[in-house]
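Visitor: Got a structure here, written out as structure tokens. Questions coming.
The values are calculated or read from the model by the stated rules, or taken from the named source; none is laboratory data. This structure is a prediction, so every number in the text was calculated from the model and none was measured. As a convention, Cβ positions derive from the backbone with ideal geometry for all residues, glycine included, and neighbour counts pool all protein chains shown.
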Protein chains: 4
Amino acid sequence: MSTALRVAILGASGYTGAELVRLLVRHPDVRLVALTAERQAGKPLAEVFPHLGGYDLPDLVKIDQVDWDGVDFVFCALPHGTTQDVIASLPPRLKVVDLSADFRLHDVETYATWYGHAHKAPELQAEAVYGLVEDNRAAVKAARLVANPGCYPTASQLPLLPLLRQGLILADDIIIDAKSGVSGAGRDAKQANLYGEVAEGVHAYGVAGHRHAPEIEQGVSEAAGKPVVLNFTPHLMPMSRGIHASIYVKLAPGKTADDLRAALVDAYKGETFVRVLPAGVAPQTRHVKGSNHCLIGVFPDRVPGRAILLSVIDNLVKGASGQAIQNMNLMMGYPEDRGLEQAPLFP
Amino acid sequence: MSTALRVAILGASGYTGAELVRLLVRHPDVRLVALTAERQAGKPLAEVFPHLGGYDLPDLVKIDQVDWDGVDFVFCALPHGTTQDVIASLPPRLKVVDLSADFRLHDVETYATWYGHAHKAPELQAEAVYGLVEDNRAAVKAARLVANPGCYPTASQLPLLPLLRQGLILADDIIIDAKSGVSGAGRDAKQANLYGEVAEGVHAYGVAGHRHAPEIEQGVSEAAGKPVVLNFTPHLMPMSRGIHASIYVKLAPGKTADDLRAALVDAYKGETFVRVLPAGVAPQTRHVKGSNHCLIGVFPDRVPGRAILLSVIDNLVKGASGQAIQNMNLMMGYPEDRGLEQAPLFP
Amino acid sequence: MSTALRVAILGASGYTGAELVRLLVRHPDVRLVALTAERQAGKPLAEVFPHLGGYDLPDLVKIDQVDWDGVDFVFCALPHGTTQDVIASLPPRLKVVDLSADFRLHDVETYATWYGHAHKAPELQAEAVYGLVEDNRAAVKAARLVANPGCYPTASQLPLLPLLRQGLILADDIIIDAKSGVSGAGRDAKQANLYGEVAEGVHAYGVAGHRHAPEIEQGVSEAAGKPVVLNFTPHLMPMSRGIHASIYVKLAPGKTADDLRAALVDAYKGETFVRVLPAGVAPQTRHVKGSNHCLIGVFPDRVPGRAILLSVIDNLVKGASGQAIQNMNLMMGYPEDRGLEQAPLFP
Amino acid sequence: MSTALRVAILGASGYTGAELVRLLVRHPDVRLVALTAERQAGKPLAEVFPHLGGYDLPDLVKIDQVDWDGVDFVFCALPHGTTQDVIASLPPRLKVVDLSADFRLHDVETYATWYGHAHKAPELQAEAVYGLVEDNRAAVKAARLVANPGCYPTASQLPLLPLLRQGLILADDIIIDAKSGVSGAGRDAKQANLYGEVAEGVHAYGVAGHRHAPEIEQGVSEAAGKPVVLNFTPHLMPMSRGIHASIYVKLAPGKTADDLRAALVDAYKGETFVRVLPAGVAPQTRHVKGSNHCLIGVFPDRVPGRAILLSVIDNLVKGASGQAIQNMNLMMGYPEDRGLEQAPLFP
């Protein structure tokens, strides 16, 4: 197709890179023209990801081998920290969705505190638009550089932001007990992510120190209209995909869990990907696997004045590559769900 | 779309029924007009399968509530044994793909031996076309009633049939050690399929007595041109989806594993869904998950004069619902891969 | 051994029954003389639980077939609700540990509210001693009937009770986000517990309505010295064994997470089975699998004035059968860890 | 205990090393005096294996820090290839069980062919006794250096050797389709063993080239009285522990599967750890998990003149550390099952 958008994926040998390919080979407006992977350059992608064999795809190359004249759009799926230099070096006409954490935090000092060094591209940091589409659609449409939200922040903010904006819940003592599949940790060989170390058990990690905490706090503070510090406690689950956020909140005076549900139903009533479940129904991560969906459940707490928000996504889709494509669709004027129509895979 | 094919799914509350829905909601030529489930009639499908919420689908009904005047095509995903009466009662103008085992065996005595009773619709049994598409495409195109192959027989016959037809392997002492995910056992509540009974362990079952053995032997015998009895030993794997067939064969005199691979590459060179891997590469079930793909690997054995064939499919897709849609596409004149284009989901 | 304690297990065909057998076949002071299972009566246990083949065990019988004259001690592992009548009918000289929930709640009205009917043996309910050994050792030693604590209550109360007793944390707004393996749901055939419905996903269940909530509140209220209502939200994990309790608490004024850890180290310093981990170390359920251990971690929260308690047990051992044996050892004057010495199985 | 056997474990930071510790902390005749791990030296073992916290164990040291004067017995759980030099350097008075493959093959040329280099300690290779206890008990009792069998060879040879010795099956065309949990691949960080690469899928590996093939052939050839080449095809399972060998054999003329079962029952009738199941019962790996048991099932094949042998072990116990302790018990004159009495952990 002569008018196809020519897309490059930087960092195609990781799980989010492969997930971009999985979804984009079905996108009718996109042609994949460059796939990079520094250490695997020269190989066909199918050697690194055999499930993607059988598609007509370019071989893996190094970033400096990409002919940028033939590229219209870039997904950057590189590790955190390495991304700033790479994106700063791209031709400025290129639209970019960055899946790393490098451009998510607006505040340079918060970035430096959590990542241990000054930001290397502060002007791009200022330009970058936070791509939580349902909350920030207008800005995304006009953006050149989108910072794709993290998986935990996506699952956490989708239920929280509308409720905070409307003053239905309090911003203090928010507790987010989050559960994630292990694909969020990437494909690098680490002992902690071996099958024998992950299967048939659960544990918390990064307790009170996970880098997604400031990202969530940034959105929550903006929605609440004041600085918020919250509890964010991630747990590793024996599963490949899925994020489950269990959020314990205090109701604003006089409000009920039903009020919260009604407000969320209203907030997401026109959305393709976010669905609020009926009262009494708890969402399950397995029911969004492979899809860009987010399911939200709302429950009253036994403790008076409190409520429970439950939210699930597929960390590699709505929590990464699917949301990145949703951002691209908006930036390019395509229908927002293009290439993201597939139903979840269950069981 | 006024010209859409109006499709009914009988038995939509099982895994293969749900998988038909998952795939058909994306099929541009199909409109789902009836979904049946005797015990769940009256419920929205999303209550039974929450991952299919968010689609505009008819509620579940009983079979006798279906208005057949509004139906053009039927998928029958009912349990083995109950299907014969149901299909015999349908208006004869309806085209049908039956996913049960009821119409797969051509020989009425073999059927009676393995299923314990005489076939109740022998004239339909005679009419039914065996829907292993890659082996039987012409007959499928002309069929009104297609018997969709079993999961094990699909994975086993795709590598075996071309080699037997060409006389490259011997038909005696074929050993099929097969491994299956548990979704093949369906969604009925059985103690043997509980998580605690399936996870973190493997075992053989139905040893020397599994009903897929005569189905495989039927195809193998036809391809070999003589009656064949073979070893078929299924094993239950701690996973939801996937079939892995490890097939141990004797080479015809003078033939090598390379000859086998070359013959299979040639046999499947125009196929969308079957791919023969390069020498030395073993297929993995996780690399076809959610797709209609079949991957085949061929290896020389250490034992002189022998070779090893390895074949993988997703039992719910190429082993059931995907292949059923592939059959429908052929019967209706649609492109064979329509609605089946999605890439596998990994990890 | 002529002086061995003659033990009967009522309900030996469930997971907790089998776990009692697994542990008691190694207990040098015990001889298993009766194993009951109403629907499986007449079978050898090895037919129901093949992993227990190879031991010299009595066949399964019905409860009314047991010769009580030959029994000294009874473990009752029957379903909730059926237990009251059975235990009331036993010869009163028999010592009993009941693993069901029937005798855990002291308050007859709370029992009636949560279980939907009046208690059938209120005098036994009054007699029963709550068998959370580390908290209630003296009473257990003197007891004839011990109500073995639930799995969630064990994991939740072990970190909470000492801190509440000492006033180091506040009793309001306690939030317990609990994660359990599926063996806690038993071995009955239920669709919700099939492998395909449990693997590779997580979800909350019984939100704000789980029957372990009043059991935890009973202990917490007693320790806090006032009635407490708390949040208890269980989640089903894709694993067979393990409970992980993530407990979010408010510090008493001036107290720190280090104070909590120090208090717990002190509270459990002489205990065989409870271990408080060093600062910064999060417990993992896989590190207690198969053992009677409880591991506890304590972390400061990012939210000022709050702390996080993490606690793990094996739900079938310290959360059921292991703790039951620990109770028996105390009731009979054996060393508390007898038969419970094995190290956890990892990986 | 002043008379305890003082035991050193070389390579205590791997799964087999940890499994030795798990079992030996319960062995009444053993005291662990040295645990080595070159890269982790200086750490407490509990930092590397938290499930082993709470035991009074020596910290990890380097091999050259061990005081051999205080050691009576050595388990060597080092990687293949590094072991020869280490064992050659030990004081010759020390009894040793080596869990690596270095001393299993008697033939120096076979070793060189499969391992790519000449053996570095050929005199020890000649001295080493193959520790498949049930087949070689007398030699083990007299041995100073025992080569502990591999996991696959243990599961494969236990059913095969008695049948070959008695001429009940033919030695040609033996096909071993083996399935293993991933702990057999060790604890080193490898991408191929990540949770995301192992869960929810199966595949063959090392097809026709796995180093356990010559080890099995060595035993089978000896039992058959002639050189045997056989098919050995290992598959990786999505589980941590367990080996399942499915062995397809030809019956000697006139023999039946029942003859095979009877012969195996007779061969193992006095054994503690090997159990032949009743006709029609297939063994499951989950029923031996954590134990030193081997379960064997025997089935007639549908193909005339053939039979199927099914055998399961826990690869880390009977396939490694448990069998190593069984060897030690024999070498030291302890009861053969000492420290190995625990029942399997299920589920």
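Visitor: If you go through the stretch B:322-342, how many residues are at pLDDT 95 or above and within 14 Å of another protein chain (Cβ to nearest Cβ)? First the steps, then the outcome.
Guide: First, the residues of the stretch B:322-342 that are at pLDDT 95 or above: B:322-340.
Within this subset, residues satisfying the condition of being within 14 Å of another protein chain (Cβ to nearest Cβ) are B:322, B:325, B:337-340.
Within the stretch B:322-342, residues that are at pLDDT 95 or above and within 14 Å of another protein chain (Cβ to nearest Cβ) number 6.
Visitor: Which one is farthest from residue B:9 (Cα to Cα), of the residues in the stretch B:57-84 that are at pLDDT below 95 and of a type outside the set (Ser, Thr, Tyr)? Step through it out loud before you land on a result.
Guide: We begin by selecting, within the stretch B:57-84, every residue at pLDDT below 95; these are B:79-84.
If we keep only those that are of a type outside the set (Ser, Thr, Tyr) as well, we get B:79-81, B:84.
Details: B:79: 13, B:80: 15, B:81: 17, B:84: 16 Å.
Here the residue is B:81.
Visitor: Next question, about the same structure. Could you run through the stretch D:13-42 and say how many residues are under 23 Å from residue A:197 (Cα atoms) and more than 14 Å from chain C (Cβ to nearest Cβ)?
Guide: At the first step, the residues of the stretch D:13-42 found to be under 23 Å from residue A:197 (Cα atoms) are D:13-25, D:35-42.
Keeping just the survivors that are more than 14 Å from chain C (Cβ to nearest Cβ) gives D:35-42.
Qualifying residue count, the stretch D:13-42: 8.
Visitor: Among the residues of the stretch B:330-343, is any farther than 30 Å from residue B:29 by Cα and aliphatic (A, V, I, L, M)? Write out each step before concluding.
Guide: The first filter runs over the stretch B:330-343 and keeps only residues farther than 30 Å from residue B:29 by Cα, leaving none.
Scanning the stretch B:330-343, I find no residue that is farther than 30 Å from residue B:29 by Cα and aliphatic (A, V, I, L, M), so the answer is no.
Visitor: Can you work out which of the residues in the stretch C:161-177 that are of a type in the set (D, E, K, R) and not in a strand (DSSP E or B) is modelled with the highest pLDDT?
Guide: C:165
Visitor: Identify, by number, the condition in (1) within 30 Å of residue D:98 (Cα to Cα); (2) surrounded by fewer than 24 Cβ atoms within 10 Å (Cβ to Cβ); (3) within 13 Å of another protein chain (Cβ to nearest Cβ) that residue D:297 doesn't meet.
Guide: (2)
Visitor: Identify all residues within the stretch B:189-212 that are within 20 Å of the chain's Cα centre (by Cα) and free of Cβ contacts under 8 Å to residues at least 40 places away in the same chain; write none if there are none.
Guide: Passing the criteria: B:205, B:206, B:209.
Visitor: Do the conditions hold for residue B:77, that is, is it in contact (Cβ under 8 Å) with a residue 40 or more places away in the chain and of a type outside the set (Asp, Glu)?
Guide: Judged against the criteria, residue B:77 is a match.
Visitor: Residue by residue through the stretch A:300-347, note down the ones that are farther than 30 Å from residue B:315 by Cα and part of a loop (DSSP other than H, G, I, E, B).
Guide: A:301, A:302, A:303, A:304, A:305, A:333, A:334, A:335, A:336
Visitor: State yes or no: is residue A:219 modelled with pLDDT of 95 or more, more than 8 Å from every other protein chain (Cβ to nearest Cβ), assigned to a loop (DSSP other than H, G, I, E, B) and out of contact with any Cys (no Cβ under 9 Å at 6 or more places or on another chain)?
Guide: For residue A:219, the condition - modelled with pLDDT of 95 or more, more than 8 Å from every other protein chain (Cβ to nearest Cβ), assigned to a loop (DSSP other than H, G, I, E, B) and out of contact with any Cys (no Cβ under 9 Å at 6 or more places or on another chain) - is not met.
Visitor: Right, another one. Only one residue in D:305, D:319 is surrounded by 24 or more Cβ atoms within 10 Å (Cβ to Cβ), more than 9 Å from chain B (Cβ to nearest Cβ) and modelled with pLDDT of 95 or more. Which one?
Guide: D:319
Visitor: Of these, A:94, A:99, which one is modelled with pLDDT of 95 or more, touching a Gly at 6+ places or on another chain (Cβ under 9 Å) and of a type outside the set (Phe, Trp, Tyr)?
Guide: Numbers: A:94 fails: touching a Gly at 6+ places or on another chain (Cβ under 9 Å).
From the options A:94, A:99, the qualifying one is A:99.
Visitor: I'd like the full set of residues that are of a type in the set (Val, Ile, Thr), touching a residue at least 40 places away in the same chain (Cβ under 8 Å) and over 23 Å from residue B:173 (Cα atoms), limited to the stretch D:251-295. Walk me through how you get there before you give the answer.
Guide: Filtering the stretch D:251-295 for residues of a type in the set (Val, Ile, Thr) gives D:256, D:265, D:272, D:274, D:276, D:281, D:285, D:288.
Adding the requirement that they be touching a residue at least 40 places away in the same chain (Cβ under 8 Å) leaves D:256, D:272, D:274, D:285, D:288.
Across the stretch D:251-295, the qualifying residues are D:272, D:274, D:285, D:288.
Visitor: So, one more: Go through the stretch B:255-281 and report how many residues are in a helix (DSSP H, G or I) and either surrounded by 18 or more Cβ atoms within 10 Å (Cβ to Cβ) or touching a Phe, Trp or Tyr at 6+ places or on another chain (Cβ under 8 Å) (or both).
Guide: So the first thing to find is which residues in the stretch B:255-281 are in a helix (DSSP H, G or I), and the list is B:257-267.
Adding the requirement that they be either surrounded by 18 or more Cβ atoms within 10 Å (Cβ to Cβ) or touching a Phe, Trp or Tyr at 6+ places or on another chain (Cβ under 8 Å) (or both) leaves B:257, B:259-261, B:263-264, B:267.
Final tally of qualifying residues: 7.
Visitor: Mind listing just one residue for me: the one in the stretch A:243-265 that is closer than 24 Å to residue C:209 by Cβ and within 16 Å of the chain's Cα centre (by Cα) and, of those, nearest to the other protein chains (Cβ to nearest Cβ)?
Guide: Among them, the one singled out is A:244.
Visitor: Out of B:245, B:171, B:224, I need the residue that is surrounded by 24 or more Cβ atoms within 10 Å (Cβ to Cβ), more than 28 Å from residue B:38 (Cα to Cα), in contact with a helix residue (DSSP H, G or I) (Cβ under 7 Å, 6 or more places away or on another chain) and outside the structural domain of residue B:48 (by TED's automatic domain parsing). Which one? Full working, then the answer.
Guide: Numbers: B:171 fails: surrounded by 24 or more Cβ atoms within 10 Å (Cβ to Cβ); B:224 fails: surrounded by 24 or more Cβ atoms within 10 Å (Cβ to Cβ).
Being surrounded by 24 or more Cβ atoms within 10 Å (Cβ to Cβ), more than 28 Å from residue B:38 (Cα to Cα), in contact with a helix residue (DSSP H, G or I) (Cβ under 7 Å, 6 or more places away or on another chain) and outside the structural domain of residue B:48 (by TED's automatic domain parsing) holds for just one of B:245, B:171, B:224, which is B:245.
Visitor: Residue under question is residue B:57, and the condition is that it be hydrophobic (A, V, I, L, M, F, W, C) and more than 24 Å from the chain's Cα centre (by Cα); does it hold?
Guide: Details: hydrophobic (A, V, I, L, M, F, W, C): yes; more than 24 Å from the chain's Cα centre (by Cα): yes.
Yes: the conditions hold for residue B:57.
Visitor: Which one of the conditions (1) buried (at least 22 other Cβ atoms within 10 Å of the Cβ); (2) more than 8 Å from every other protein chain (Cβ to nearest Cβ); (3) outside any helix (DSSP H, G or I) does residue C:289 fail to meet, given that it meets all the rest?
Guide: (2)
Visitor: Give the residues of the stretch A:159-206 that are within 14 Å of chain C (Cβ to nearest Cβ) and of a type in the set (Val, Ile, Thr), sorted by residue number.
Guide: Keep residues of the stretch A:159-206 that are within 14 Å of chain C (Cβ to nearest Cβ), which gives A:159, A:170-184, A:191-206.
Listed by number, the residues that qualify are A:174, A:175, A:176, A:182, A:198, A:202.
Visitor: Another one. Could you check how many residues of the stretch B:266-285 are closer than 19 Å to residue B:343 by Cβ and within 14 Å of chain D (Cβ to nearest Cβ)?
Guide: The first filter runs over the stretch B:266-285 and keeps only residues closer than 19 Å to residue B:343 by Cβ, leaving B:268, B:271-277, B:281, B:283-285.
With within 14 Å of chain D (Cβ to nearest Cβ) added as a condition, the list becomes B:277, B:281, B:283-285.
The total comes to 5.
Visitor: Looking for whichever is modelled with pLDDT of 95 or more, exposed (fewer than 15 other Cβ atoms within 10 Å of the Cβ) and hydrophobic (A, V, I, L, M, F, W, C) here; the options are C:155, C:138, C:147. Which one fits? If you could, list the steps in order and put the result at the bottom.
Guide: Details: C:155 fails: exposed (fewer than 15 other Cβ atoms within 10 Å of the Cβ); C:147 fails: exposed (fewer than 15 other Cβ atoms within 10 Å of the Cβ).
Sole residue among the options that is modelled with pLDDT of 95 or more, exposed (fewer than 15 other Cβ atoms within 10 Å of the Cβ) and hydrophobic (A, V, I, L, M, F, W, C): C:138.
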